[in-house]
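*Asks:* What follows is a structure written as structure tokens; I'll ask about it next.
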Amino acid sequence: MKPARALALGVWLLAMALAALIVARARYSADLSAFLPRAPSAAQQVLVDQLQNGLAARLILIGIDGADSVLRARISNELKARLEAQGAFLAVSNGDAQSADRDRQFVFEHRYELSPAVTAERFSVEGLRAAISASLDLINSPAGLFAQSMLRSDPTGETVQVMEQLDTDAAPHTAQGVWSSADGQRALLLAETRALGSDTDGQAEALARIRSAFAAASAPMRQGAGSSGAAPRLLLSGPAVFAVNARSTIEGEATRLALLSTTLIVALLLLVYRSPTTLLLGLLPVVSGALAGVAGVALGAGVVHGVTLGFGITLIGESVDYSIYLFVQSRPGGLGRLRLQAPRRLWQTIGLGMLTSVCGFASLLPSSFPGLAQLGLYSITGLIVAAAVTRLVLPQLLPQRLYIRDLTPWGAAAARLLSRWRVPTFIFALIGLLCIAVLWEHRATLWNRDLSALSPVSAAAQALDAQLRGELGAPDISNLIVISGPDQESVLQRAQIVGQQLDRLVADGVIGGYENPARYLPSLALQAARRASLPDAATLRQRLAAATAQLPLREGTLEEFATQVAAARSAPALTRGTLEHTSMALAVDALLWQQGQQWHALLPLRANLGAGRSGDIDIMRVRAGLASNGTDTVLALNMKQESDALYDSYLREAGHLALAGFAAIVLLLSIVLRSAVRVARVIAPLALAVLVVSALMVGNGVQLTILHLIGLLLIVAVGSNYALFFDRRLADRDSAELPLTLASLLIANACTVLGFGVLALARVPVLSALGSTVAPGALLALWFAALLMPPALLMDAARVEAQQRA
């Protein structure tokens, strides 16, 4: 083996082994940090925190349809018991009587720390008289039995005060002792997973456990007494369900379509090469580039985001063209045996084409969004390595008797056909101007700035989620207040102040209500103030005697009350641990958390659904109502607006970077080609392809997303190779080489169109958008570049080929 060959192969094998080791040890992430700017605003940080770690991302909404209400209730209780016995869930609620009794007992025991009515005035003589009189009146109401049972221990009604505060309009209905829909036809449960929202594997395991537990709970009851109607059916929804299903859908679609496109491309290349050995050798640059791309991102960024792997594989597809150019454009000798030394100008053109693509993707590197920056790094590394392997390694691996079909006749036929399609230059200018006019006409709606446009979640799944969420009263984080502070106590104190401001907004009809962690866990300061407002036993007895002098109560009736108030004065403060085993613990965990050195409280807002109300919240009026709070510690957010704004900034920055990349390509071509005419000849077909594809989509009512933008960048990256090869042949006036050039470009273009054309058939928006942009764009880029060739050169190429055959 020659030293040069041994060196090239040794370096390549060592590099690939090192890259494989890096890829195997790399850290991969499927969370949303790829879409979070490196220096996020407070609102953006809250958005991603909630999507990753918030309660809403960990809640699974469960419905049980079919059978009758008795059977549904039995299955609900059995399912709850089975899930609670597993470690995958922090809490499972279905409104069963035992849980409700436990909550009521807790509220009763801690009523003086929790009741907002506990003040010094309430325990004055006048306050006691009014409160006890109200309790006596309540005895004659529908709630009289409960009021009578509480009279001796809680005559001021603090337990009722707390329960009324905790029972909101969003509380689910109850049937057969468990939560149900309003019509009683569906049993409902709410499960909180231990896995975070960003842990898709953990969420998938939790969903599998629910399905397994439901099957076990319902199987023995299907034949049980009292069952009727349809068999029990499990319904699941929530962000966890969406995330798991979306991943499964995208993986399934990507795998299915990747296999289909690979099969088509391999079949095409086998038809062209007629040699499995040549085919395998031609795929080496692709594999090498993909491996190097992942390794480069792992080294450069420390973590590889799933979005990089998802879209990077399609971007690296350009590298398959390099081996096609090498194999087809190496002049055949004898029976089609390849020359081991490809023409020097071939490598120059491939290198320049690779550099133009690198310039385009390099523009993504400065992006403030890690996902976009990684996409650029992956593509640059992969393309450089793929080109280097094609140039330095592939020729060393070609056997002495490697044969390939002579495709000169194919190229000559294409040249003859193109020479007959003479299109005046002004037609191309008119096409460009027409496309610009279409885009200008639709400029207001050109881009879809709604993040939901990328969602693979079906409308039916979204409708079910809205239905279950409404029936369960599950936390809705569409509109919320976020309070931050250095410790839990300061955050709870601020939450209490904000709660008073929100009460005024409720009274004004701006909002329908809100959740507040301070309801379930008042600040230590407020608890201390409430305990201090309780009189000592002797004072309380004196005040009770005066307050009840004119009331129909026997002497000694309220002695138990006096004893319990005295005990409450010295009771320990409520903490998060005190709430354990109650539904309030779930609420506090959802609404109060620590991150790093900061504590945060979440106050979700409910819309006012009164008569004539739209159900929307005017977040600007909410902000005005909270104007006295500093914006650094209290944020009023509409999460859809924030997510759309984040996506909009992502899209806007990507657009600016893409334009910068295009400018870099023009600059590179100007330096290398040193001719404005040649630069225009290379750029014109690319610009026309981008304009035509964009105008056709927009004209057909399609709003462009960031995936379309990446697709347009790909058109330029792939199409630049076509335009450069045509420019080289025209500059050299090389008619003899043109047929093979045309043949190689047709094959490379066919591979691109097949690969991305199949992707356009995907049911997932992020995949179909990419495919539907690149497939027609690559075809148009080749077509426009070919049509800009002088007919005389095309005819000369066809004539030379005919003479050679003769």
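*Asks:* Residue by residue through segment 278-293, which ³J(HN,Hα) values in whole Hz follow from phi under the Karplus form 6.51 cos²θ - 1.76 cosθ + 1.60 (θ = phi - 60°), with glycine and proline marked x?
*Replies:* 4, 4, 5, 4, x, 8, 4, x, 5, 5, 4, x, 5, 5, 5, x
*Asks:* How much accessible area per residue does segment 676-786 have, in Å², with a 1.4 Å probe?
*Replies:* In whole numbers, segment 676-786 has 26 Å² accessible per residue.
*Asks:* Can I ask one more? Roughly what would the spin-label model give for Glu109 and Ala525, points 7 Å off Cα along C-beta, in nm?
*Replies:* Those two pseudo-labels are separated by 2.9 nm.
*Asks:* Roughly how many nanometres apart are two label points built 7 Å out from the Cα toward the Cβ at Ala538 and Thr563?
*Replies:* Label at Ala538, label at Thr563, 2.0 nm between them.
*Asks:* Given a Förster distance of 30 Å, report the FRET efficiency between Leu268 and Leu696 from their Cβ-Cβ distance, rounded to the nearest 0.05.
*Replies:* 0.70
*Asks:* Non-local amide H neighbours of Trp599 (under 5 Å, H modeled in plane, Pro and chain starts lacking H): which ones?
*Replies:* Gly485, Asp487
*Asks:* Please list, ordered by chain and number, the residues whose modelled amide H lies under 5 Å from the amide H of Val303; skip anything fewer than 5 residues away on the same chain.
*Replies:* none
*Asks:* For Ala258 and Glu121, compute 0.36 nm times the residue count separating them, minus their Cα-Cα distance, and round to one decimal in nm.
*Replies:* Here the segment from Ala258 to Glu121 would lengthen by 42.0 nm.
*Asks:* Turning to a different aspect of this structure: Could you work out the relative contact order of segment 518-599? I mean the mean sequence separation of Cα pairs under 8 Å and 6+ apart, divided by the number of residues, in percent.
*Replies:* Relative contact order, segment 518-599: 44 percent.
*Asks:* While we're here: Using θ = phi - 60° and the Karplus curve 6.51 cos²θ - 1.76 cosθ + 1.60, what whole-Hz ³J(HN,Hα) does each residue of segment 671-685 get, with Gly and Pro shown as x?
*Replies:* With coefficients 6.51, -1.76 and 1.60, one gets 5, 7, 7, 6, 7, 5, 5, 5, 4, 4, 5, 7, 6, 4, x Hz.
*Asks:* If you roll a 1.4 Å probe over segment 558-628 with all protein chains in place, what percent of the accessible area is carbon or sulfur?
*Replies:* 52
*Asks:* Roughly how many Å² is the accessible area per residue of segment 501-612, as a whole number, for a 1.4 Å probe?
*Replies:* Per-residue accessible area for segment 501-612 comes out at 47 Å².
*Asks:* What is segment 361-461's relative contact order, in percent, from Cα pairs under 8 angstrom and six or more apart in sequence?
*Replies:* That works out to 12 percent.
*Asks:* Listed highest first by mean packing, meaning other Cβ atoms within 10 Å per residue, what order do 485-497, 562-574, 672-684, 349-361 come in?
*Replies:* Highest-to-lowest ranking by the protection proxy: 349-361, 485-497, 672-684, 562-574.
The values are calculated or read from the model by the stated rules, or taken from the named source; none is laboratory data. Predicted, not measured: the structure shown is a model, and the values here were computed from it. No Cβ is skipped: glycine too gets one built from the backbone with ideal geometry, and neighbour counts run over all protein chains shown. What goes into the accessible areas is simple: the full protein's heavy atoms, side chains included, and nothing from ligands, DNA or RNA. Shrake-Rupley method; radii C 1.70, N 1.55, O 1.52, S 1.80 Å.
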